[in-house]
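Notes for the one structure printed next.
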Amino acid sequence: MPAAAAPRAGLPVLEAASLVRDYGPVRAVDHVSFHLGAGEFLSVFGPNGAGKTSLLRLLAGGLRPTAGEVRVSGIPLTVGDRAARARIGILSHLSFLYGRLTARENLRFYGRLHGFGDLDSRVPDRLADVGLERYADSPVDTLSRGTVQRLAVARALLHDPEIVLLDEPYTGLDAYAGAMLQELLSGLKEGGRTVVMVTHNLGRGLELADRVAIQVRGSFVFEAERADLDAVGLERSYRRAVEGRA
Amino acid sequence: MTVYLRQVAAIVRKDLLLEVRTGERLAAMGALTVLVAVLFHFAIDQGLVRMQVLAAGLIWMTILFGGMLGMGRTFEMEREQGAIQGLLTSPVPLDGIYLAKVVSNFVLVTLIEVVALAAYWLFFGFNYGNDLLLLAGVLGVATLGFVAVTTLFAAISAQTNMGQTLLPILIFPLLVPVVIFGVTATGRIFASRPVQEVEGSLYLLAAFTVVALTAGTILFRYVVEE
């Protein structure tokens, strides 16, 4: 896969500054702050309802913060910011694909939304990146869950985003498909992309991460560098964090 | 601007391609249109009632109900696999998404109008007047206004649990100008009245359509943004 574009020197590629998001009386994201440089991978763990997906939607510019802001290369991200959106790719457990369109048609559709004129070469390249050339003309409805998720990776990376946001990307995948996705995601780091992944899967999340955070009831209650943490330590910290706020 | 139009065209093309493949909305709209015409064919004693007098009202009623049935599902295809998030987080301006949905709905409702006109001609032998171009103009402008309002409210109702049940309740009061001026203008064309007698209603329909499109373009963002 092609490498991400170089970020502006000295500035974090992605920055959350005291982000808050309320849904009526419920606070889903509570003063979350962090910053990530080029090629850094942050894994965010947390129980159901911790506010992880809301955090990711704030980072994607799909949700308006109640307070605080997201900055992309130092520039505040606003909802509807077209230029910033073009620098962000999102991969979720939902594929964002249309089942009655073929793999190729889906990618061409998203390519047109990005205004690309080189779809005849870009789409086959992306399909080849995820090993789906032979499924190019198969309707998405006929593909297995793992294959659809690989196609969703191609969709998310179609526009060579600098920042990739992953929302529970392993949901519904069997062990084989999960391992294949893990391989694809590790390629993101090597390509210099800045990645935020929210997941329940401690093992997978830790394997890829440079930094980890545990989010409970909206706020980051634990943060650590990957180098300072092993799987047992993470599990212990996770249990303590979740039980401590229960 | 070119990129913007290409983005709008991409969504329209995708919507119509999905409609061709699934036929979900067209089949429901077409079936309702033909069914209403058949029902009236048997329900009305054409020896007692002069059908030509009812023509405009029957046709507009069929178009409104048939159109609403299909447009209520405008955002259904986007809910599958979270595709709406794919659209909302893409670089397409939100007003571009709205306009694309208006265009694809306009195409579908226009097809239903052709079916309705053909069905009523077949069952009742309606005379559609001497000026088919003017008829096309009135139907086109009124349909655009109808679609502009309904598409916006389809986006609102798609976010509620009541969904399509809510749509007619929200929308009917707002469609009163389309109904009044659309039926008036269409009736006069069917009666082969002079163009001057149609112009007033046509201008009012055009004004309604411009206001509806402008309001929809501005307000869509507040409907889908959280």
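Being touching a residue at least 60 places away in the same chain (Cβ under 8 Å), over 24 Å from A:Leu97 (Cβ atoms), open to solvent by 60 Å² or more (accessible area, probe 1.4 Å) and more than 13 Å from the chain's Cα centre (by Cα) is the requirement here; does A:Arg217 meet it? Step through it out loud before you land on a result.
Working: touching a residue at least 60 places away in the same chain (Cβ under 8 Å): yes; over 24 Å from A:Leu97 (Cβ atoms): yes; open to solvent by 60 Å² or more (accessible area, probe 1.4 Å): yes; more than 13 Å from the chain's Cα centre (by Cα): yes.
For A:Arg217, the condition - touching a residue at least 60 places away in the same chain (Cβ under 8 Å), over 24 Å from A:Leu97 (Cβ atoms), open to solvent by 60 Å² or more (accessible area, probe 1.4 Å) and more than 13 Å from the chain's Cα centre (by Cα) - is met.
Checking each residue in the range A:59-77 for being more than 9 Å from chain B (Cβ to nearest Cβ), on the phi < 0 side of the Ramachandran plot and over 12 Å from the mean Cα position of the chain (by Cα) picks out A:Pro65, A:Thr66, A:Ala67, A:Glu69, A:Val70, A:Arg71, A:Val72, A:Ile75, A:Pro76, A:Leu77.
Restricting the range A:10-20 to residues that are in a loop (DSSP other than H, G, I, E, B) and either more than 28 Å from A:Arg155 (Cα to Cα) or in contact with a Ser or Thr (Cβ under 6 Å, 6 or more places away or on another chain) (or both), the residue that is modelled with the lowest pLDDT is A:Gly10.
With respect to the stated conditions, A:Thr194 is of a type in the set (Val, Ile, Thr) and within 16 Å of A:Glu40 (Cβ to Cβ). Cβ separations smaller than 6 Å between residues 6+ apart or across chains give the following pairs from the range A:50-72 residues that are in contact (Cβ under 8 Å) with a residue 12 or more places away in the chain and over 18 Å from A:Val216 (Cα atoms) to residues that are among the hydroxyl-bearing types (Ser, Thr, Tyr) and assigned to a loop (DSSP other than H, G, I, E, B): A:Ala60/B:Thr89; A:Gly62/B:Thr89.
Of these, A:Ser43, A:Ser54, which one is crowded, with 20+ Cβ neighbours inside 10 Å, hydroxyl-bearing (Ser, Thr, Tyr) and either in a loop (DSSP other than H, G, I, E, B) or within 11 Å of chain B (Cβ to nearest Cβ) (or both)? On inspection, the qualifying residue turns out to be A:Ser54. Of all residues in the range B:1-12, none that is more than 10 Å from chain A (Cβ to nearest Cβ) has its Cβ atom under 9 Å from the Cβ atom of a residue that is surrounded by fewer than 22 Cβ atoms within 10 Å (Cβ to Cβ) and not in a helix (DSSP H, G or I), 6 or more apart or on another chain.
Residues that are surrounded by fewer than 21 Cβ atoms within 10 Å (Cβ to Cβ) and aromatic (Phe, Trp, Tyr) do occur in the range B:163-185, at least one of them.
Pairs under 8 Å by beta carbon, first residue within 13 Å of B:Met68 (Cα to Cα) and charged (D, E, K, R) in the range B:19-30, partner open to solvent by 20 Å² or more (accessible area, probe 1.4 Å) and not in a helix (DSSP H, G or I), six or more apart or different chains? Going by the 8 Å Cβ cut-off, the qualifying pairs are B:Arg25/B:Arg73. One residue stands out in the range A:78-114 among those that are within 7 Å of chain B (Cβ to nearest Cβ) and small (Gly, Ala, Ser): the one that is farthest from A:Gln149 (Cα to Cα), namely A:Gly80. Only residues that are outside any helix (DSSP H, G or I), open to solvent by 40 Å² or more (accessible area, probe 1.4 Å) and either of a type in the set (Asp, Glu) or touching a Lys or Arg at 6+ places or on another chain (Cβ under 6 Å) (or both) were counted in the range B:187-226, giving 1. Any residue at all in the range B:26-47 that's surrounded by 20 or more Cβ atoms within 10 Å (Cβ to Cβ), modelled with pLDDT under 90, part of a helix (DSSP H, G or I) and not aliphatic (A, V, I, L, M)? No; the residues of the range B:26-47 include none that is surrounded by 20 or more Cβ atoms within 10 Å (Cβ to Cβ), modelled with pLDDT under 90, part of a helix (DSSP H, G or I) and not aliphatic (A, V, I, L, M). Kindly list, by first and then second residue, each pair from a residue in the range A:125-142 that is in contact (Cβ under 8 Å) with a residue 40 or more places away in the chain to a residue that is surrounded by 13 or more Cβ atoms within 10 Å (Cβ to Cβ) and among the β-branched types (Val, Ile, Thr), limited to pairs with Cβ atoms under 8 Å and residues at least 6 apart or on different chains. Close Cβ pairs satisfying both conditions: A:Val130/A:Val153; A:Pro139/A:Thr102; A:Val140/A:Thr102; A:Val140/A:Val148.
What's the total number of residues in the range B:6-25 that are of a type in the set (Asp, Glu) and open to solvent by 20 Å² or more (accessible area, probe 1.4 Å)? Break it down into steps so the answer makes sense when it comes.
Here is the first cut: in the range B:6-25, the ones of a type in the set (Asp, Glu) are B:15, B:19, B:24.
Right, trim to open to solvent by 20 Å² or more (accessible area, probe 1.4 Å) and you get B:24.
Here the count works out to 1.
Given the options B:Val92, B:Val103, B:Val114, B:Val107, name the one that is assigned to a loop (DSSP other than H, G, I, E, B) and either closer than 21 Å to B:Gly30 by Cβ or within 14 Å of chain A (Cβ to nearest Cβ) (or both). Give the steps one after another, and end with the answer.
Details: B:Val103 fails: assigned to a loop (DSSP other than H, G, I, E, B); B:Val114 fails: assigned to a loop (DSSP other than H, G, I, E, B); B:Val107 fails: assigned to a loop (DSSP other than H, G, I, E, B).
Only one candidate passes the filter, namely B:Val92.
Considering (1) under 26 Å from A:Arg71 (Cβ atoms); (2) away from chain B (no Cβ under 11 Å); (3) hydroxyl-bearing (Ser, Thr, Tyr); (4) more than 13 Å from the chain's Cα centre (by Cα), the lone condition that A:Thr194 does not fulfil carries the number (4).
The values are calculated or read from the model by the stated rules, or taken from the named source; none is laboratory data. Model, not experiment: these values are computed from the prediction. Here Cβ is always computed from backbone atoms with ideal geometry, including for glycine, and neighbour counts include all displayed protein chains. SASA here: full protein model, heavy atoms, side chains in, ligands and nucleic acids out. Shrake-Rupley method; radii C 1.70, N 1.55, O 1.52, S 1.80 Å.
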